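Encoded as structure tokens, the structure appears first; notes follow it.
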Amino acid sequence: MAESQKKGEIATDILEEETLDNIHHVNNPVLDVPAVEKKYLNKVLSYVKQGNVFVFTDGKASIEVKVFSDEIIRVRLAPRSLFLDDFSYAIKKDLDIHPTSFSIVETADAFIIKTSVVVCRIQKEGFLVSFEKLDGKVMNADQQPMHWEENPDFGGYYVYCTKHTPPDEAFFGLGDKSTHLNLRGRRFQNWNSDTYGFGFNQDPLYKTIPFYIGVTGGDAYGVFFDNTFRTYFDFAAEQPDQTSYWSEGGELQYYYIHGPQMMDVVKRYHELTGTHYMPPLWAIGYHQCRWSYYPEANVREVASQFRKRQIPCDAIYLDIDYMDGYRCFTWNKRYFPDPRKMISDLAADGFRTVVMIDPGIKVDEDYWVFNEGKENKYFCRRGDDYYMEGYVWPGRCQFPDYTNPKVREWWGTLYRGLVEDGVAGVWNDMNEPAVFGRGTFPDDVRHYFEGLRGSHRKAHNIYGMQMVRSTYDGLKKLQKNRRPFTITRAAYAGVQRYSSVWTGDNIATWEHLKIGILQLQRLSISGLSFCGTDIGGFTGEPDGELYTRWMQFGVFSPFMRVHSAGDTRDREPWSFGPEWEAICKKFIELRYKLLPYIYTAFWRQHKYREPILRPISLLEQHKPENLMREEEFAFGHNILVSPVIQPGQQSKIVYLPEGNWYYYFDHTMLEGGQEHNVKTPLDEMPIFVRGGSVIPEFPVMQYTMEKNIDTLKLNVFWGQGRYESHVYIDHGETFAYEQSVYNEKYFIIEGEQNSLTIVQHIEGLYHERFDSYKIYIVGLPFDVHHVEVDGDILETLVDEEGKYYITVEKEFRRLTIS
Ligand code: GLC
């Protein structure tokens, strides 16, 4: 963002010298490149096979095809037959996938590699690569041979891949792009950029996730173009029958990921790049943030208002002003004379403190972080060995090279003081990296890149990811057995292994509320399920209605945080008057009731690689019209929402997938597989629960784990047929779940016109504090005469609101209601 747009004591000594010398890179790099000859692959002359790797050559250039699993095949191109080191920041280290079977046959015009589900055909002429289903349906095929152009300025190549695009193909994915869910007809680039107040369709933004999903003829596949340079994707924009992706350097290297369900593609993408670790339970509560709450009295006042007004809240954030002159890892002692005391008082009241840490380290000989970095040569350097200097909040800064494991290790240790002070989470910002005036680092800055070396062209897009990785690893060591909480603005594919993300500096407009809904769905199917927006909008002023509608969407955002810029009016849930406060409170309470359901969705993400937000296209890809739906989405497995995104909206059309659904607020049952016109009073929003599901519920608490519960409420929604639901419970804070200290409860629900059966199966070793379930049944189509649990007859009870429920031991195996 332009520094002039921000509030606070911004360094005034920004030098004129930091001008636009590299601006061509920011704006239009490809067009500025002198015309050079395009070179194409020729004709396959021979191939060699080594295990699951095949290398085909035309005598000069080669491609490598590696069968990672029956469903995942990687293609790499080496223009001079010299493949680059096989290294990736995105792919997880302990990759544990193998093909079960594969074979190769040669025909007159092609080589055919076949697994149990995919046929990969490499045509001899031009090495055209295609991927097919076993029934012969082509999922993804080269339209022209892969090609390259020499890069006269930097060496290496611009590399290109062009695929054929059938008329019906729809495209999804690519991370945080602020556009419609279906990417068809659009061109994008990936170059992590600080984009304050970005607009609809603005590109690039903060994150680089070069992974897309194609859906054609009801079947899906994915492509992960694992290249950290500035990359481009054109989804039938320039040529209506072509999709291309290309890069300004590095290798043409992509993974074909077979479906045919979108859900399978997303899960397999997670197989390659990993999933989110389990967040601490408090991290999925409600968070209150602002640029900035200071001094201490202000922080305490905001916190105490939450408790006074009985609005649940788990975390409060300290933005840059808590630091001494924006020096990371220091405190401004004028504003925060005794941070440890303040943090411990807040903790006693159930608040965790999260602080901001940026990568820019102030050039200051009296500052220990700068001195340590300088002595150890941890800061990035220019091509000719000068230190990379640029201006950010503290003024003149140098920047750690997080692509060096030693630097990451050091950076991780710097959090010691903050952790000892009681800080519970860390927010890494400005890590695109952002530099005032020039946008980011110049291209010639050198990076260690795990010993493989590279200029900033290669390291730019992974800089932020490596920063937050080092933060995560550092916190993990310092906090011992407590799970870290981190959040980052810049990201590259695979960042989910280290952090949650938010969508950066959005605007308080209805349009941005809609953009947020698109971005979070997209992030979620691009591997980054733990994502959120600045609720209410970062810059600009929402009115009570926009703020409240955004809060409602926030309940169904995996990360739920209100945040706003420094020059805006107050943004606490009570700031817009009692009418709006009451609705915000009701919805934040709903978040707390749903916590065990949300936590289960996080577990399903962590363990089973399921995205938390699921667009309709992912739920029902076989219906072509669903590929254009983008406002309603599932939140976890059993809840579907369609946030209200227009002022004064009295009702909205919502599509419900097949099955039966219950309107959350009054339990009206609606038939799925069709659209419904749903009323949208201000204090409600379209929320639907799938028939056949079990939704666990906590009592409202002012913060997570405020109270022990002695009985867990389960809301069971009747549905005709057989369904499975899960409930996950663990300690909420430690890594014991890695040793199976958790409980995952599988409920099989069988609904008939005159009976309902619930069968429970429990896995895991955790001893919950509660003993029993209080089961509420919704939507039974018959009168209850008989309730039987594991052979014993039970009575139904009536609660204070007159609702029937059944109390059963938490270990019950079979419950029948008829
Ligand atoms: C950036 C962040 C924003 C933060 C501000 C000050 O603009 O995106 O969230 O409040 O910097 O640190």
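Counting only protein chain heavy atoms and rolling a 1.4 Å probe, the accessible areas of 203, 70, 783, 385 rank, largest first, as 783, 385, 203, 70. Between residue 201 and residue 309, the simple label model (points 7 Å from Cα in the Cβ direction) yields a spacing of 3.8 nm. Spin-label model, residue 86/residue 754: points 7 Å from Cα along the beta carbon direction are separated by 6.3 nm. Look at the alpha carbon pairs under 8 Å that are at least 6 residues apart: their mean separation over the length of region 398-476 gives a relative contact order of 46 percent. Of interest is the spacing of the C-alpha centroids, which for region 459-515 and region 604-651 amounts to 23 Å.
Subtracting the Cα-Cα distance of residue 365 and residue 709 from their residue separation scaled by 0.36 nm leaves 118.5 nm.
For residue 435, the residues whose modelled amide H falls within less than 5 Å of its own, excluding neighbours fewer than 5 places apart on the same chain, are 440.
The 3J(HN,Hα) values that the Karplus relation (6.51, -1.76, 1.60; θ = phi - 60°) gives for region 644-659 are, in residue order, 7, 10, 9, x, x, 6, 8, 7, 8, 7, 10, 8, 10, x, 3, x Hz. Gly and Pro appear as x. Just list whichever of 623/713; 593/745; 38/92; 679/707; 308/593 have alpha carbons separated by over 25 Å in the model shown. Exceeds cut-off: 623/713; 38/92; 679/707.
Residue ranking by accessible heavy-atom surface, 1.4 Å probe, largest first, among 478, 815 comes out as 478, 815.
Per residue, the accessible area of the chain comes to 35 Å² when a 1.4 Å probe rolls over the protein heavy atoms.
Here region 708-817 is treated as an ellipsoid with the same Cα gyration tensor; its semi-axes, largest first and in whole Å, are 26, 16, 12.
For region 347-409, the Cβ-based charge dipole about the Cα centre amounts to some 200 debye (Lys, Arg positive; Asp, Glu negative; other atoms uncharged). Straight-line cross-link partners of residue 377 among the lysines, defined as a Cα under 18 Å from its Cα and at least 8 positions apart when in the same chain: 362, 406.
Between region 193-252 and region 414-454, how many Å separate their Cα centres? Comparing the Cα centres of region 193-252 and region 414-454, I get a distance of 25 Å. Karplus-based coupling profile of region 529-543, in residue order and whole Hz: 5, 8, 9, x, 10, 6, 5, x, x, 6, 10, x, 10, x, 8, with θ = phi - 60° in 6.51 cos²θ - 1.76 cosθ + 1.60 and x standing for Gly or Pro. By DSSP, the beta bridges lying fully in region 422-567 are antiparallel in about 25 percent of cases. Counting only residues at least eight positions apart within a chain, or on another chain, the aspartates and glutamates with an alpha carbon under 14 Å from that of residue 341 are 296, 349, 420, 421.
The fraction of accessible area contributed by carbon and sulfur in the chain is 48 percent, rounded to a whole number (1.4 Å probe; ligands and nucleic acids excluded).
Stretched out straight at 0.36 nm per residue, the stretch from residue 239 to residue 52 would grow longer than its current Cα-Cα span by 63.8 nm. Find how many whole Å separate the alpha carbon centroid of region 553-587 from the alpha carbon centroid of region 741-776. One Cα centre to the other: 35 Å.
Per the Debye formula on identical point scatterers at the alpha carbon atoms of region 71-127, with no solvent, log10 I(q)/I(0) at q = 0.31 Å⁻¹ is -1.19.
Around the amide H of residue 319, modelled in the peptide plane, lie the amide H atoms of 290, 293, all under 5 Å away and 5 or more residues distant in sequence or on another chain. Working from the Cα coordinates of the chain, the gyration tensor eigenvalues give, after taking √(5λ), semi-axes of 42, 36, 23 Å in decreasing order.
The H on the amide N of residue 500, modeled in the peptide plane, is under 5 Å from the matching H of 486, 487, 488, each at least 5 residues off or on a different chain.
By the rule of a C-alpha distance below 16 Å, with chain neighbours fewer than 8 residues away ignored, the lysines paired with residue 66 are 49, 114. Extending 7 Å from Cα along the Cβ direction at residue 180 and again at residue 36 yields two label points whose distance is 3.7 nm. For 580, 368, the ranking by accessible surface with the largest value first comes to 368, 580, using a 1.4 Å probe.
Positive contributions from Lys and Arg (+1) and negative ones from Asp and Glu (-1), summed over other residues with Cβ under 11 Å from the Cβ of residue 528, come out at +2. Residues within the reach of a label modelled at residue 143 (point 7 angstrom out along Cα to beta-carbon, backbone nitrogen below 18 Å), restricted to region 183-207, are 183-189. 3J(HN,Hα) along region 168-185, derived from phi through the Karplus expression 6.51 cos²θ - 1.76 cosθ + 1.60 where θ = phi - 60°, amounts to 8, 5, 10, 10, 9, x, 6, x, 9, 3, 8, 9, 4, 4, 6, 8, 4, x Hz, with x in place of Gly and Pro. Rounded to the nearest 500, the helix-only mean residue ellipticity at 222 nm of the chain stands at -5500 deg cm²/dmol, with each DSSP H run of n ≥ 4 adding -39,500 (n - 2.57).
The values are calculated or read from the model by the stated rules, or taken from the named source; none is laboratory data. What you are looking at is a predicted structure, and each value in this text was computed from that prediction instead of being measured. A quick note on method: Cβ atoms are made from the backbone with ideal geometry, for glycine too, and the neighbour counts reach across all protein chains shown. Side chains included, ligands, DNA and RNA excluded: accessible areas come from the protein's heavy atoms. Shrake-Rupley method; radii C 1.70, N 1.55, O 1.52, S 1.80 Å.
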